[in-house]
Structure formats: C-alpha cells, structure tokens
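The values are calculated or read from the model by the stated rules, or taken from the named source; none is laboratory data. The model shown is predicted, which means the values in this text are computed figures rather than measured ones. Cβ: placed from backbone, ideal geometry, glycine included. Neighbour counts: every protein chain shown. Areas reflect the complete protein model, heavy atoms only, side chains present, ligands, DNA and RNA absent. Shrake-Rupley method; radii C 1.70, N 1.55, O 1.52, S 1.80 Å.
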Amino acid sequence: MRRSKAFIPTTKEAPSDAVLPSHIFLSRAGFITQVSSGLYNFLPLGKRVLRNIETIVNEAMASIGAQEVELSFVTPVELWQESGRIDKFGKELLRFEDRKENRFVLGPTHEEMMVNVVRNRVNSYKQLPLHLYQIKTKFRDEARPRFGLMRGREFIMKDGYSFHASAEDLDREFTTVERAYKHILERLGLEFRIVEADSGAIGGSGSKELMVLADSGEDTIALCDRCQYAANIEAAVRGAKQEIPEAPEAVFNRFKTPNVTTIEALSHFFKVDPFYLVKTVAKRAVYHEGSKLVLFCLRGSDTLQEVKATNVLNALELLDVSEDELRESGLVAGFMGPLNLNTCKIIFDKDLKDADAMICGANEIDYHYVGVNFNALKNAEFADIAEVNEGDTCPCCDGTLSFTKGIEVGHIFKLGTSYSKALKAEFLNENGQSEPFVMGTYGLGISRLVAAVIEQHHDENGCIWTPSTAPYLINVMISNIKDEAQMTFAENLYEALRQEGIEVMLDDRKERFGFKMKDAELIGFPYTVIVGKELINGNIQLMERATLRKETIAAEHALKTIIERTVT
RNA sequence: CGGGGUGUAGCUCAGUAUGGUUAGAGUACCUGGUUUGGGACCAGGGGGUCGAAGGUUCGAGUCCUUUCACCCCGACCA
C-alpha cells in the first residue's frame, strides 16, 4: 500500500476523553474512530489488525476440529424467555420490534441461538461431539462503556459452543480448547495467564479466564510465586495461614468500648492483631422473589469477597445496607456481631471455624465481647467468603500469593446441561434414552484483543505491534521524494518485498523526515526501512520499532538482509 | 442507577463571570513559494446553525427553562 493513497487519519492530539494508551494511540494513529458511547468504527489499519487476529483464531479452531458458522445477530426474544436469561441480562439486552411488532434482541452472546440451531438437528450420540463457533459482532448495552475498545457496547467476539454426550467428553474438549487458546495468545505475542475463574450462579463444573497481563487491566489476579496456581480474585482461595499472631487472653466477657467502631480502632484499643477481631458486614441479598438482610463475619484481617458471598447465598446480587435499615433489624453500626441475634441470616467465613479468643461486637452501643468462639453456636453456617490477601499462602503449595492486573480476553466455561435442559435440547444415547447435551462455551474477545496488544506493547511514541498482529510488517520510508535515486530504490524495494508476500507500506508522501518517522512510530510498524541520505554511500537503514534501534545495511543486499531480519 | 464534569471548525481548546464589532487560536485541509535526517517556514484561502428546543432582551456563544449527548468516580458487567 502506498501511504499517499492510504486512509490513515493520524492526529497529533488524542481525543480529550481517551485515558488508556490503547484508546489514545489507536485513535491517534487512525485505527479506530468513536461513533457514540461504546461504539467504534474500524478504519483500514484497525480492520487489518482484526483480520490478522481472526486468521490466527480460525487456524487454531480448525486445528481442533471446530466448525465455523455465522448466526443471526438479531435474535427472537422468545429464545431468551425460554432460557430465562431475559431477566438475568436485563437492560443489557437491546430490544426492539420489527414492522410486524415481533420482538427481537441484538445478540449479546449466542448460547440460545446455537442450542436452537443444534436441537432437533443433532439427535444421536453418534453425531457427538460437535463444536461450532463464529466470529461476530455482539451488542451489550453496558451501563458504563469505557476505555475505548476495552469495554464497548458493540464488540467483536469469537464464541464457540461444544456439545457432548458426557461430562468426561466435555472435560476433554475443555482441555483441548484451553490448549488452543493458549496457542493463539502465544502467536499474538502476548504475555498472559490462564486463571481459575468464578463459575457464578449459573452452575457448571468450572471455568477459566485468559488474562493478558497489563497494569490497566480491570481484573485482579492472584498468582503463586512457586507453582502454577493462578486465579481471579473473585475465585481465589488460599492455604492455611502459616504465622499465627499471638492470641489475646481468652476469658469470655462483655467489654465497654466507647466509640470504638472500626477494626483499626479496636485493634489499637485492645492492642490485638486484627486477626482476632470479627469483622461483621451487613448486606441485602437480592433474589427473584425479594430480598433479605444477611450478616457476614470474617476475621478483621480479611475483607468480604462479594462474588463468593453472592454465590454462597445463590443470590442475584448484594446491596449495601443503610444505618436506618440496620437499626430496624436491631443492629448497631460499629458494634455488630453474630451473638444473641436471630433477626437475620449469618454466614461465617470458614477461617472462623474453631477460631478462639475472638473479639466481636455485642449488638449494643459501646460494647464488644471478648474471648469468643463460635463452636457453641448451633446451626452456624461456614463458607469461604473471604478475599485472599497478597502474601497469603498458596492453596496448592507452600508458595506465597501476589497480585497482578489482567485484561480478561477470554473465558472458557463448562456449562453442563443447564441450557440444553432449559431449551429442551436432547439426543438419544446408546440405550435409546433421551439425554440433554452436555455443553461447553468458549469466548474470546477479538476487538478487546486489539486493545490488549497495545496495552501490553506501546511506548510514549505510540503503538508497537507484534509481528503477527501488525497491519503491515514493514514500512519503507523515503526520506526525500524529490531525490530520484531514493525514490527509484524505494519503489523497487517495495515491489520486491511485495513479491515476497510481505505486508509492506511505502511512505511516498511529500513530507519531511521527522514527520514521517513520528508517524511511523505512532502507527507502530514493527520495522521501518529508511531510504535516505545514506543511499549515496550505498547504505539504507532498518529501524526496529520496539527498540527504536537503527541498523545500517548495504543497499545492494537490502532485500535479502531485510527478509533475514524481519521474517521469522 | 447515584455523584461530578463537559458540549464553540475534522481534532485540541480560548471566549461565557459583567449580554453589545463580522465568533477566535493552534493543528489539520487547499493554493503558491522556500525547505528536506526527527512532527519546518512565509504568503494567501476554504471550513461554524456556538449540542437541540423554547424563553427574556433593541441585541444571546454568554442570562433563564426544558431536553439530548458525551466523559469521569461509584454501582453493575454470562
């Protein structure tokens, strides 16, 4: 492509609302333009990057025998009613009617549609397993789209769905897909981790997320420094604490604690490690049928992990509770505790089982109990509701957990039979009996990957594309187009590289050296060949974008040397 | 959905407090000239219903009312 004819509207200044490097540079370098909140156009360069990623994904899917389809973007609302997800998705579903007043939603994901395609067409265990996927625009009317391509309302996702006759076969496919996804991210040149993820209230026997490591990531992941354990903080668990602080004196007593309402203040007041304090958190658990107040008790050194807590209750969500609401339930903010209370449900963190010498609120202004243990409590419910802390012990070995930030670019999920049951999608097994399909679902955010590559690969000058994602591998830059020798040499080199099947851009614009270099760095071609004043001495230069290093190479061996340096 | 902010040229923004020349700058774009190794310079030029609607006024980018959009923090996010 000739730069003089290419539609690449680069700008010196970023849109004022762009915050993340990927948003700033993809906008400035002319890859994308914003249409509306969470809606973006892909311009030629952006489209080429998308295509590169899609090609890699398609190859990986083909290698594991998944077949590509393309399902309708517009989906009948009935399917969503049938699966029950119309409520779960709520306002994220963009709903509308056609001229005949039939109701539709724009597909936010395609489990329902895919089950609908397969049911009644696949009837026998002999036709299983089956793995179908597509790469397609999705629409979710996010409450707050942000960060450019990172969290759009309209986005491009690769979504795959597998159908099996048994859970064992699903396990096999799940592992196969995990390996294929790993291969995809490696080819894209990304540093990532595959982590244990929250499986949510949807059930199923497990899910994993693919996290591209980047400081701007919205997810926190816990990593072990010894073994391979890695988990989203929503799902992370930990081993037993190794160094237990010294316990306070443990005689049960009611103690006056005037105005001492926080863990920090209590710790100071009693000169006791927060490990021996009970943190009591009140939440309103919301269900389809209504809501109720729930108290969560944890060690003062821990915090409530709301996703875990929601799952324990099988609730839709947890809401904060106002002090007025607490008072109505006989609770006193700052002095809440699990003893002598029968107005609401209480969940204890599992670490409080057998805990002794604890201090907790007395449900009475200015009083706490000391020397408490909960073994005597009848019907006390224990569950894992605490968020792991940095420095906690790994659940798999003696290692220590540390945190890092990640961008969730993929989520693979063992669905089991929840959808096939809801949508009555069944096959006949070897004994001629009907069974629901055992399903898996595998998502990969294609447009989010575009942003993730830049989040991980950029500098203050702009994008640094990895070779497999770059819109063009090589940029041949003519320093001065009025110099005929430069012009002729560059034209010939451009043609020769094209003949070699290399994606190459020829910067033949009537601009000065500095302007074209800045532009090339902003766009982020992995390599720029500089045809300039050195040509008179028989030399040209090859600049590597990642390092900005320039290597002088002999013009007469230009093609051969460039191919050696750039094509791996 | 709660809290805050912003809408003026393709882009980044002045101007609005205290209403009053023909609404500005930089950048980008067009023409001509000079320049050619790190976002050059000179001269000329095109480009605006000042987010929208209504109101107050002799006069509104500026004041009032309504409304829409976008952004940020939070809630939410299979």
Failed item, numbered, when A:T137 is tested on (1) within 16 Å of RNA strand B (Cβ to nearest atom); (2) in a helix (DSSP H, G or I): (2)
Please verify whether the range A:263-270 includes one or more residues that are closer than 28 Å to A:A362 by Cα, touching a residue at least 40 places away in the same chain (Cβ under 8 Å) and either charged (D, E, K, R) or assigned by TED's automatic domain parsing to the domain that holds A:T310 (or both). yes
Kindly establish whether A:I221 is within 16 Å of RNA strand B (Cβ to nearest atom) and open to solvent by 10 Å² or more (accessible area, probe 1.4 Å). no
Restricting the range A:504-540 to residues that are more than 18 Å from A:Y472 (Cβ to Cβ) and of a type in the set (S, T, N, Q), the residue that is nearest to RNA strand B (Cβ to nearest atom): A:N539
Look at A:V122 and say whether it is farther than 24 Å from A:G410 by Cβ, open to solvent by less than 40 Å² (accessible area, probe 1.4 Å), at pLDDT 95 or above and away from RNA strand B (no atom under 16 Å from the Cβ). yes
The range A:541-568, residues that are farther than 20 Å from A:E495 by Cβ, more than 11 Å from RNA strand B (Cβ to nearest atom) and among the hydrophobic types (A, V, I, L, M, F, W, C): A:A546
Across the range A:82-96, which residue is least open to solvent (accessible area, probe 1.4 Å) among those that are away from RNA strand B (no atom under 12 Å from the Cβ) and in contact (Cβ under 8 Å) with a residue 24 or more places away in the chain? A:L94
Between a first residue in the range A:459-485 that is not assigned by TED's automatic domain parsing to the domain that holds A:E54 and open to solvent by 30 Å² or more (accessible area, probe 1.4 Å) and a second residue that is more than 16 Å from RNA strand B (Cβ to nearest atom) and among the polar types (S, T, N, Q), which pairs have beta carbons less than 7 Å apart while being 6 or more apart in sequence or on different chains? A:P467/A:T568; A:S468/A:N52
Subset tally (residues that are near RNA strand B (Cβ under 10 Å from one of its atoms) and assigned to a helix (DSSP H, G or I)) for the range A:140-155: 2
Tell me, which strands (runs of 3 or more DSSP E) lie completely within the range A:278-353 with 1 or more residues that are open to solvent by 30 Å² or more (accessible area, probe 1.4 Å) and more than 15 Å from RNA strand B (Cβ to nearest atom)? A:278-286, A:291-299, A:345-349
Is it true that A:K158 is more than 16 Å from RNA strand B (Cβ to nearest atom) and either open to solvent by less than 20 Å² (accessible area, probe 1.4 Å) or free of Cβ contacts under 8 Å to residues at least 40 places away in the same chain (or both)? no
How many residues are open to solvent by 10 Å² or more (accessible area, probe 1.4 Å), near RNA strand B (Cβ under 10 Å from one of its atoms), of a type in the set (A, V, I, L, M) and in contact (Cβ under 8 Å) with a residue 12 or more places away in the chain if we restrict to the range A:17-64? 4
Collect the residues in the range A:161-194 that are in a loop (DSSP other than H, G, I, E, B) and open to solvent by less than 50 Å² (accessible area, probe 1.4 Å), keeping them in residue-number order. A:A165, A:S166, A:L188, A:G189, A:L190
The listed residue being under 22 Å from A:G410 (Cα atoms), at pLDDT 90 or above, of a type in the set (S, T, N, Q) and out of contact with any Leu (no Cβ under 7 Å at 6 or more places or on another chain), out of A:Q228, A:Q305: A:Q228
Based on this model, can you work out whether A:G107 counts as of a type outside the set (D, E) and either open to solvent by 30 Å² or more (accessible area, probe 1.4 Å) or in contact with a Phe, Trp or Tyr (Cβ under 7 Å, 6 or more places away or on another chain) (or both)? yes
Please specify each residue of the range A:543-568 satisfying the condition of being touching a residue at least 40 places away in the same chain (Cβ under 8 Å), open to solvent by 20 Å² or more (accessible area, probe 1.4 Å) and not hydrophobic (A, V, I, L, M, F, W, C). A:T568
Answer yes if at least one residue in the range A:242-254 is surrounded by 21 or more Cβ atoms within 10 Å (Cβ to Cβ), under 28 Å from A:A357 (Cα atoms) and at pLDDT 85 or above, and no otherwise. no
